[in-house]
Amino acid sequence: MTVRNGQGQRGGGRKCPGSSAVALREAYDTALLDLDGVVYAGGEAVAHAVEALGVARAGGMHLAYVTNNALRTPGEVAEHLTELGVPAEAGDVVTSAQAVARLIADEVPAGSRVLVIGGEGLRVALRERGLVPVESADDDPAAVVQGYGGPGMPWARFAEAAYAVGRGVPWYASNTDLTIPGARGIGPGNGAAVEVVRIATGGRFEPQVAGKPLPPMHRETVLRTGAERPLVVGDRLDTDIEGAFNGGVDSLLVLTGVTDVAQLLTAVPEHRPTYVAADLRGLLVGQPEVVADGDGGFVCGGWRAFVSGGELVLDGTPGEGADVMDGVRALCGAAWSEADRPGGGVPDAGKALALLGV
């Protein structure tokens, strides 16, 4: 087995995507899969996700589902996945609700009351840690916790959080994702709700955050999955990919959710994935090598990318599927290297992306 350019080279970040001579499902024992924008969006399966995960599972890869969305319980998430055609059990799911509940339980006495601003997933996770969910700032809570509560979260819930936080009650958040993908587009996530409380309390307080990309979520995932050669799979640079970077493990970015190619090309070092694929079919194949040609260019498949006059230039023949992704990988090499060069910057990618049709 050959896997090159793994996330182990953290110093300064990577200059181009890595490569694998074998399918990623063979190179790694466990896929730590984000859900929203990766496996499903707006409750419906992402294209090719069900089939790709079925093949990966049949080949012996352990699939674990790691989500910053604290709304539902692991059992509810597993049931939803099974309905979509992705068999799963509650033990296969790790949520930011579980991570933040452990964080709170480590810092307040057993049996403490916790004001919950979120869904049932938070309440179940808190009870598992011996904590008592309450609904009002007047219930003498030892902590306040916020998690995504769905689009119907009443405004009064944010007021309860603000009352308690303003009185100095310790404040926790399952995650701070500003957005969440859905069937109709990108909507506000828990991070937006956290900002409401921050503004209401005059910006004087900061929550402790458990979710990706921070260490509590990584700790929870390791404890629950026992993965030895994990691969983080996600659609967000600032949570999934940065979380993998912080944990020193490899990552696969899929372009089915929040991140598009233009954003990928401008990624700072800690947001650069080990691998990139159009969708979860990327688990089933190897990853081609991106080669620096010694003349300032980067070659992958039939594409060569380089920077000229502050613009990314792409030479090659437009193709479909993996051929297009080879062009994306070559562009990453050229863009990231230019950004890291002393005196360099982020090159304009407009013409190159138009050529690829992405």
> What number of residues within segment 148-191 are hydrophobic (A, V, I, L, M, F, W, C), farther than 16 Å from Val116 by Cα and in a strand (DSSP E or B)?
Replying inline: 2
>> Which count do you get for residues in segment 78-113 that are closer than 20 Å to Glu220 by Cα and either within 22 Å of the chain's Cα centre (by Cα) or crowded, with 16+ Cβ neighbours inside 10 Å (or both)?
In response: 20
>> Quick check on segment 16-71: of everything there that is open to solvent by less than 30 Å² (accessible area, probe 1.4 Å) and β-branched (Val, Ile, Thr), which residue is nearest to Ser174 (Cα to Cα)?
In response: Thr67
> Restricting segment 203-213 to residues that are assigned to a loop (DSSP other than H, G, I, E, B) and more than 11 Å from the chain's Cα centre (by Cα), which is farthest from Val165 (Cα to Cα)?
Replying inline: Ala210
> Out of segment 280-299, which residues are in contact (Cβ under 8 Å) with a residue 60 or more places away in the chain and either out of contact with any Ser or Thr (no Cβ under 7 Å at 6 or more places or on another chain) or within 16 Å of Leu356 (Cβ to Cβ) (or both)?
Replying inline: Leu280, Arg281, Gly282, Leu283, Leu284, Val285, Pro288, Val290, Ala292, Phe298
> Can you name the strands (runs of 3 or more DSSP E) wholly within segment 281-358 that have at least 1 residues being closer than 29 Å to Gly59 by Cα and hydroxyl-bearing (Ser, Thr, Tyr)?
Replying inline: none
> Out of all the residues in segment 229-248, is one or more over 17 Å from the mean Cα position of the chain (by Cα) and not β-branched (Val, Ile, Thr)?
Replying inline: yes
> Listed residues Glu128, Glu160; which is under 27 Å from the mean Cα position of the chain (by Cα) and either open to solvent by 20 Å² or more (accessible area, probe 1.4 Å) or farther than 30 Å from Thr256 by Cβ (or both)?
Replying inline: Glu128
> What pairs come up if the first residue lies in segment 254-275 and is more than 23 Å from Ala27 (Cβ to Cβ), the second is open to solvent by 10 Å² or more (accessible area, probe 1.4 Å) and in a helix (DSSP H, G or I), and their beta carbons are under 7 Å apart, counting only those six or more places apart or on different chains?
Replying inline: Val261/Leu353; Ala262/Leu353; Gln263/Leu237
>> One residue is enough: does segment 146-156 have a residue meeting the conditions of a type in the set (A, V, I, L, M), more than 30 Å from Val55 (Cβ to Cβ) and crowded, with 24+ Cβ neighbours inside 10 Å?
In response: no
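The values are calculated or read from the model by the stated rules, or taken from the named source; none is laboratory data. This is a predicted model, so every value here is computed, not measured. In this analysis, Cβ positions are derived from the backbone assuming ideal geometry, glycine residues included, and neighbour counts consider all displayed protein chains. Note: areas computed on protein heavy atoms with side chains; ligands, DNA, RNA excluded. Shrake-Rupley method; radii C 1.70, N 1.55, O 1.52, S 1.80 Å.
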